[in-house]
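Some notes on the structure that comes next.
Every read-out reported here was derived from the displayed coordinates using simple, explicitly stated rules and does not represent laboratory data. Please read all numbers here as calculations on a predicted model, not as lab measurements. Because the Cβ atoms are built from the backbone with ideal geometry, glycine has one as well, and the counts that use them run over all protein chains shown.
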Amino acid sequence: MRILIVEDETALREELQRSFEGLGYVVDTAADGTEGTYLARENPLDIAVIDLGLPGISGIDLIREARAHGREYPILILTARGRWQDKVEGLEAGADDYLVKPFHSEELLARVRALVRRAGGWSQSVLNCGPITLATAAQRVELHDTPVELTGYEYRVLEYLMVHAGDVVSKAQLTEHLYPDDADRDSNVIEVFIRRLRTKLDPDSTLRPIETLRGRGYRLTLPRQA
Amino acid sequence: MNSLKIRLLLAGLLLLAVFVGLTGLALERAVYERSLSAEEDRLQGLVYGVLGAMDVGPGGVVVNPEELPEPRLQTPDSGLYAVLVDDKGTERWRSPSFLEDVPAGLTAGLPEVGDWQFAYLRTPRPLMSLLFTVRWAGEATSTGASEYAILVLHDAERFESRQGGFQQTLWLWLVVSAGLLMAVQLAVLRWGLGPLREVVRQVKEIETGEREAIAGDYPSELRSVVDGLNGLIAHEARQRSRYRNALDDLAHSLKTPLAALRVYLDAARLDGESRQRADEQISRMDGIVRYQLSKAAAAGARALRKPVAVAPVVAKLSAALQKVHRDKPIAFEVPDDDSCVRAEQEDLMELLGNLLENAARHCSSRVAVLVEAGSEATSIIVDDDGPGFPEQTQALLQRGVRADARTAGQGLGLAMVAEIAAAYGGTVSLTRSPPGGARVVVSFPA
């Protein structure tokens, strides 16, 4: 998952970046509204966390700008003032949730996860497709109620496919959302992860959870269960 | 007495009364003196006439009736009389018109020779009298008397009735003109105080929030007051927004480090107890900042305040909360009338935001907001269909409980609601809603 954090307070921004990276997110950061607006408009994001009290372009204007450019990923606003006027204005501008400073990292992470899966059409924190169960909070995967051991990257690929279950996800999309810009992007690596996932989730080749659409990408075919 | 109009009117009335009274008295006096002296002149003429008719006859001085100047002296009881007395006071002659006695004391002491003695007798009937003493020289002295006094009398009834008529006319006209002056004064007052009335009307409109400044062109005496008032109003508005901005900046600069601190702490992998202790301190600080700043920001009851409609604020907040609680569909009932409360828009938003957020969090699917406008208070009622409040509800509202004595999230929202309501002299009560959930009633004095 790729997240944008726009926060002018350096300590907070760096700390948030560290915790999200620790959880396997690709993190873009900006310290002011101008840079934030550029990233919000241009980067393939899954979610953005935006502080309302920004120097330069305000958080509200940043959100409006992103929405005006057709960006539909969820946006969570951070507000220090915590005034309802600000929260309502932010939500009206196109944000999806708010968090008042100071917040707990866990609270922010939970909200971010909830917003991401809600954007993928899921209403619970545990994603269920056929016999595969993925608990987003614990980052745990089970197959037929048996835990499956996945590496970080394998988990991220599976989470992305499951959040978007039923949709075609291109290799480029996976690379963009799972690797930072400066990383060495070899699309063959994605193929390797997919192959390993298939082995781990479908050892006897009966389930066939991930479909390959030649030239277009991958699709998780198992039906979603609410 | 505490009205400019009444003061000016009373002063005008007093002045008018004194002026009209003095004028009337002076005029009356002057006309009376003048009539009296005219009467005296006339009697003097008569005395000379009688003098001319006097001659020395056998046994003293006699009056020749044919030579009398005034025929009325010949007609009995004509109102004009003449009497001749000698220096002993004995009557020597009287005109045929005079049928009564000489009023007592009139001829008791004669004036010096050549002197006039004028009198206005009121009893037994109004008479004007003039007495003149002459000395008769020559042969007349042989009769023993050399000094004679001529007394002329004139009936003063007509004089008096004319005076009475004049007085009546005089006072009638004076009263009429005083009435007219009064009316003019009233009109002048109305016209003169017009701009003041306009200012008062506009200030009232500002008080009820229908207007933001006093508009119009005013006389120079009022202009500085009007400019001063407008300046004050604008200054107050500026001051408020500066104050709020300062509070916002303070909130921002206090909370951002707290946020950083909390995120550090979360990442620091401390053991459970140390982390919890440190976190409690952060929560305390956060609670103090939130509570005190929201308390400071509540504008409170203030003279120049616009009434704010409740429904649009509820609609905005419920749309926002529905977005946030997308996983849990909530039906918000927005008031369907245009009831208003006299509060600052921002304060109403804070108050309703806290109440609706609580309701949205605890309800199962419904939140209803009602406004009941009474004669003494306007109440905003927020109902939900959740589990309702725990036992000790009033403790949640306790104002003045130090915010640092609370743990974060424990009713801080409700305490802030109570604080805002209190700033407007309002009250908050927690009860049970019809579906069995929580009901919060916030009453603002009307």
In Å, descending, principal axis extents of the Cα set of the range A:24-145: 51, 29, 24
Can you bin the range A:108-226 into rounded, prolate or oblate? Criterion: square roots of the alpha carbon gyration tensor eigenvalues sorted a ≥ b ≥ c, rounded for a/c under 1.5, prolate for a/b above b/c, oblate for the rest. rounded
Dipole of chain A [Lys/Arg +1, Asp/Glu -1 at C-beta], most positive-end residue of A:27, A:55, A:220: A:220
Grab the DSSP H runs of chain A that are 4 residues or longer, score each as -39,500 (n - 2.57), total them, divide by all residues and round the 222 nm result to the nearest 500 deg cm²/dmol. -12500 deg cm²/dmol
Dipole size in debye (nearest 20) for the range A:1-109 around its Cα centre, Lys and Arg Cβ +1, Asp and Glu Cβ -1? 180
With the 8 Å Cα cutoff and a minimum separation of six or more residues, chain A has a relative contact order in percent of 16
Compute the distance from the alpha-carbon center of the range B:1-44 to that of the range B:243-315, in whole Å. 79
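Taking the protein assembly as shown, how many lysine pairs are there with alpha carbons less than 13 Å apart, if each pair must be eight or more places apart or span two chains?
Values: A:87/A:101; A:87/B:316; A:87/B:323; A:101/B:255; B:204/B:306.
Eligible lysine pairs with Cα atoms under 13 Å apart amount to 5.
Around residue B:315, under 14 Å between beta carbons, what's the net of Lys plus Arg minus Asp minus Glu among the other residues?
Working: positive: B:316, B:323; negative: A:92, B:333, B:336, B:337, B:338.
Here the charged neighbours net out to -3.
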Whole-Hz ³J(HN,Hα) from phi, Karplus 6.51 cos²θ - 1.76 cosθ + 1.60, for the range A:130-138, glycine and proline x: x, x, 8, 10, 10, 8, 5, 5, 8
Which distance in Å, rounded to a whole number, links the C-alpha centroids of the range A:39-93 and the range B:199-241? 40
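Roughly how big is chain A's charge dipole about its Cα centre, with Cβ charges of +1 (Lys, Arg) and -1 (Asp, Glu), in debye to the nearest 20?
Result for chain A is approximately 860 debye, rounded to the nearest 20.
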Using alpha-carbon positions, what is the distance between the centroids of the range A:1-38 and the range B:332-363, in Å? 34
For chain B, state the average projected area of the convex hull of the C-alpha atoms over all orientations, rounded to one decimal in nm². 41.7
Just how large is the dipole of the protein assembly as shown about the Cα centre, in debye to the nearest 20, putting +1 at every Lys and Arg Cβ and -1 at every Asp and Glu Cβ? 2560
Positive-end extreme of charge dipole, the protein assembly as shown - chosen from B:171, B:423, A:36 (charges on Cβ): A:36
Along each principal axis, Cα extent of the range A:145-201, largest first, Å: 37, 22, 16
Applying the gyration tensor rule to the Cα atoms of the protein assembly as shown (axes a ≥ b ≥ c; rounded if a/c under 1.5, else prolate if a/b exceeds b/c, else oblate), the class is prolate
Taking chain B as the reference, fit the longest principal axis to its C-alpha atoms, fit the long axis of helix B:157-207 to the helix C-alpha atoms, and give the angle between the two in degrees, 0 to 90, nearest 10. 10
Between the helical axis of A:152-163 and the dominant principal axis of chain A, each derived from Cα atoms, what acute angle in degrees is found, rounded to the nearest 10? 80
Tilt relative to chain B, helix B:220-267 - C-alpha long axis, 0 to 90 degrees, to 10: 10
Considering amide H positions built from the backbone, and no H for Pro or chain starts, which residues 5 or more places from residue B:377, or on another chain, come under 5 Å of its amide H? B:446
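Among residues other than residue B:197 whose Cβ falls under 10 Å from its Cβ, what is the net charge (Lys/Arg +1, Asp/Glu -1)? Kindly include the intermediate steps, with their values, before the conclusion.
Details: positive: B:5, B:190, B:201; negative: B:198.
Local charge sum for residue B:197: +2.
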Among B:434, B:324, B:353, flag the residue with its Cα farthest along the positive direction of the charge dipole of chain B, charges on Cβ as +1 for Lys/Arg and -1 for Asp/Glu. B:324
For the residue pair residue A:135 and residue B:147, what label-to-label distance in nm results when each label sits 7 Å from Cα along the Cα-to-beta-carbon direction? 15.1
